[in-house]
Each structure stands twice: as C-alpha cells, then as structure tokens.
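The values are calculated or read from the model by the stated rules, or taken from the named source; none is laboratory data. Being a predicted model, the structure only gives us computed values, none of them experimental. A quick note on method: Cβ atoms are made from the backbone with ideal geometry, for glycine too, and the neighbour counts reach across all protein chains shown. Accessible surface is based on the protein model in full, side chains and every heavy atom, while ligands, DNA and RNA are left aside. Shrake-Rupley method; radii C 1.70, N 1.55, O 1.52, S 1.80 Å.
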Amino acid sequence: MKIGSIHTESPVFLAPMAGVTDYACRILCKEMGAGIVYSEFVSADGIIRQNQKTLHLIRFQEEERPIGIQIFGNSPEVMAKAARFVADKFQPDILDINYGCPVPKVTKRGAGSAALKDLHLMDEITAAVVQSVPNLPVTVKMRAGWNSTSIVVPKAGERLEKVGVKAITLHPRTAVQSYNDKADWSLIKELKQAVSIPVIGNGDVSAPYRVVEMFEETGCDAVMVGRGALGNPWFFKDSLALLHGKSPPVSPSVTERVEICRRHLDLLLEDRGERWGMNLMKKHFGWYIRGFPDAAKHRRALVTALELDEMKEELNVLENVAKKLVC
Ligand SMILES: Cc1cc2nc3c(=O)[nH]c(=O)nc-3n(C[C@H](O)[C@H](O)[C@H](O)COP(=O)(O)O)c2cc1C
C-alpha cells in the first residue's frame, strides 16, 4: 500500500480521534500492526499562532512513522501556512486535511465537514495546502456530504484527486447524521471506482472480521479503525491475522489487559507527567477493563485512585484476580 512515496505493509490504519490517539495510544496500536497512525485534528489557527498546547498535539516519536498529522481550518491561507509550519518543524510522513468533523463548534466557523457544503472552498483550501508542502503527500479525510440531500461523493473525490490529493479516507455518513444510522459502505465502493488514488474505508468497522468485510464489499485500499480500537490495540493484530487467512483471534486475557494497561500508563506518564498521565489513563481504563467478572468493580477502583501508587496497586490486585480466573 502506497500513499505518494510512503509505503506501509499493513493496510489497517488507526483513525484520528481527538482526546484519544495521543502518543501512548498510537505507539501501542503501531506495535500491534497498525499501518499508519494519525494525530488528532489540530487547529490551523492554533498552529500559526504557535500555541504551545496545539503544538504539543503534533509531537510524535520516530517509531510512530509513518504518521499523518491532521489539520483543520476554514481559510486557504491559514491552512497553507499551518501545513508549511508542520512540514518544516515536525516532518511528518503525511499531511491530512479534516473535512469530516461534524461538531458545531468547528463547523460554525466553516471548518471540518462544513467544507462539504462548498466544494469551491474545499478545492481552494486543498490546493493551497498541496502547493505549500510540495514534498509531503497531502491526504483528505471526509464524510459523504453535509446532509442526505447533498451527498458529494464521488464528485468531491474526483475534484480532490485533480487538485493533487494522494489518498482519501471516507467515513460514509453525512455531517448531520453524526454517528447515527449505519455507515453507507456502498459510497466507499463508488468513490473507489471513481478515483485512481488510494481510498481508505472507514466507519463501523467494529470487529476484526469487519475489516475483511469492508475490503470485500468496497474494494478499498486500506481500512481505518476508530472506536473498535478503543481499549483494544489487539484489533490490528487480529485483523491482520484474519486478512492472512489465519484462524479467528481469541480475546485478550485479563492478564494481557493488565499488562497493556501498565504499558499504556507508563507511556502516558513519560509523555504527560504524573497528574495528566493518570487522568488521561482513567478514560482508557473505561475501555480496557470490561467484559469479565467484576470488571465494573475493578474499573471503579482504578478510575477513583487518587495517587499513582494506588492506581498501580489496583493493577496488581487485578493481575492476581486474573491468575485465579485463568483468563
Ligand atoms: C472520540 C472521537 C474523536 C474523534 N476525533 C477525530 C479527529 O480528531 N479527526 C477525525 O478526522 N475524525 C475524528 N473522529 C472520527 C473517527 O476518526 C472515525 O472517522 C469515526 O469514529 C468512524 O470510524 P469508527 O466507526 O471506526 O469509529 C473521532 C471519533 C471519536 C469517537
């Protein structure tokens, strides 16, 4: 699988997810076989103002490559400047533009999926970004349209390809749908047939077998996984096994979950320090610690821990419980 000059063995990618796909999460998914990982969406305005919190979202480690940095904004000039800044200062492998975010705070300002209402503006923003970073593949992640009466796929895809975009990720819901109804995978197939650049399918790939289904149903070049990977970096290993015709995966044991929680916590502590690291980890415990006897009780103990020692001790308790459960 190639995007511009970037090559990846694994055609299963980790979706950008704000507040989730930070360094710790990305590295664990990468180790389990994610082909390309992405930063969460980062404001172009914040980048050009060199807001430190914004720039912190872009930092990544060499072992995360190939990595895409995703930016959003409503002005061709600002987006072009931000793209150039990211390319010069951080040298990611891919620069991705967000035309999918349906959150009113973003769309009210004409950014994210609001661009789907004005394909001329989308062309202008995209062309400006492509021209500003001639040595970096520019990709787009988009939804199917603003609402059900204004579906822009595959037309928008053809225009984006003409402007110089090197791959398109499609989450085939409209902005108005947000996360309701089913993602319409037939639109991924339509887009794939309309363009010659790689198409990355996304939406409702909730289990590893759905990766295989998406490839078969749509003919897409890669599959991007979001919510299915929350608390489940094994998703990538399992879906690659299925793609290679190996036997269906077994769910990770509680012992394996505890081990990955320890690793995740350590990575967050290293990246964010004790207070932030502990707080961020609490969200992930909610996803890791589920699906086994008394999971809710252990989860509660982990998310209410006030001190790091307490949190680590609760992981030890859970490990001992797991040994007795033999699961
Ligand atoms: C918590 C959360 C944060 C998200 N943040 C972003 C983001 O920053 N950029 C983006 O393009 N999509 C974002 N998305 C959308 C996902 O990348 C993906 O398109 C969507 O969840 C559908 O895929 P899934 O069904 O595999 O989850 C986010 C989704 C979630 C659940």
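In the stretch 312-327, the residue that is surrounded by the fewest Cβ atoms within 10 Å (Cβ to Cβ) out of those that are more than 12 Å from Val258 (Cα to Cα) and not basic (Lys, Arg) is Val326. When Phe292 is tested against (1) away from the ligand (no atom under 16 Å from the Cβ); (2) at pLDDT 95 or above, only condition (2) is not met. Taking the listed residues Val20, Val42, Val86, the one that is open to solvent by less than 10 Å² (accessible area, probe 1.4 Å), outside the structural domain of Leu280 (by TED's automatic domain parsing), within 13 Å of the ligand (Cβ to nearest atom) and out of contact with any Lys or Arg (no Cβ under 6 Å at 6 or more places or on another chain) is Val42, with no other qualifying. Would you confirm whether any residue within the stretch 103-118 is among the β-branched types (Val, Ile, Thr), in a helix (DSSP H, G or I), over 19 Å from the mean Cα position of the chain (by Cα) and more than 19 Å from Ala18 (Cα to Cα)? Within the stretch 103-118 (the criterion being among the β-branched types (Val, Ile, Thr), in a helix (DSSP H, G or I), over 19 Å from the mean Cα position of the chain (by Cα) and more than 19 Å from Ala18 (Cα to Cα)), the answer is no, since none of the residues qualifies.
Results for (1) among the hydroxyl-bearing types (Ser, Thr, Tyr); (2) in contact with a Phe, Trp or Tyr (Cβ under 6 Å, 6 or more places away or on another chain); (3) surrounded by fewer than 19 Cβ atoms within 10 Å (Cβ to Cβ), shown as yes or no for each residue.
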| site | (1), (2), (3) |
| --- | --- |
| Glu9 | no, no, yes |
| Ala24 | no, no, no |
| Lys30 | no, no, no |
| Ile36 | no, yes, no |
| Leu55 | no, no, yes |
| Ile67 | no, yes, no |
| Phe90 | no, no, yes |
| Leu95 | no, no, no |
| Thr107 | yes, no, no |
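Is it fair to say Ile3 is more than 13 Å from the chain's Cα centre (by Cα), open to solvent by less than 30 Å² (accessible area, probe 1.4 Å), within 13 Å of the ligand (Cβ to nearest atom) and at pLDDT 95 or above? Here the answer is no, as Ile3 does not meet what is asked. Among the residues of the stretch 174-186, the one identified as touching a Gly at 6+ places or on another chain (Cβ under 9 Å) and near the ligand (Cβ under 8 Å from one of its atoms) is Ala183. Aliphatic (A, V, I, L, M), more than 16 Å from the ligand (Cβ to nearest atom), modelled with pLDDT of 95 or more and outside any helix (DSSP H, G or I): does that describe Leu121? Criteria not met by Leu121.
Filter the stretch 207-252 for residues that are open to solvent by less than 30 Å² (accessible area, probe 1.4 Å) and either assigned to a loop (DSSP other than H, G, I, E, B) or among the acidic types (Asp, Glu) (or both); which is farthest from the ligand (Cβ to nearest atom)? Only one residue tops the list, namely Pro252. When Met79, Met32 are checked against the criterion of being over 24 Å from Ala115 (Cβ atoms) and among the hydrophobic types (A, V, I, L, M, F, W, C), a single residue qualifies: Met32. For the stretch 187-204, the candidate set comprises residues that are open to solvent by 10 Å² or more (accessible area, probe 1.4 Å) and either at pLDDT below 95 or hydrophobic (A, V, I, L, M, F, W, C) (or both); within that set, the residue that is nearest to the ligand (Cβ to nearest atom) is Leu187.
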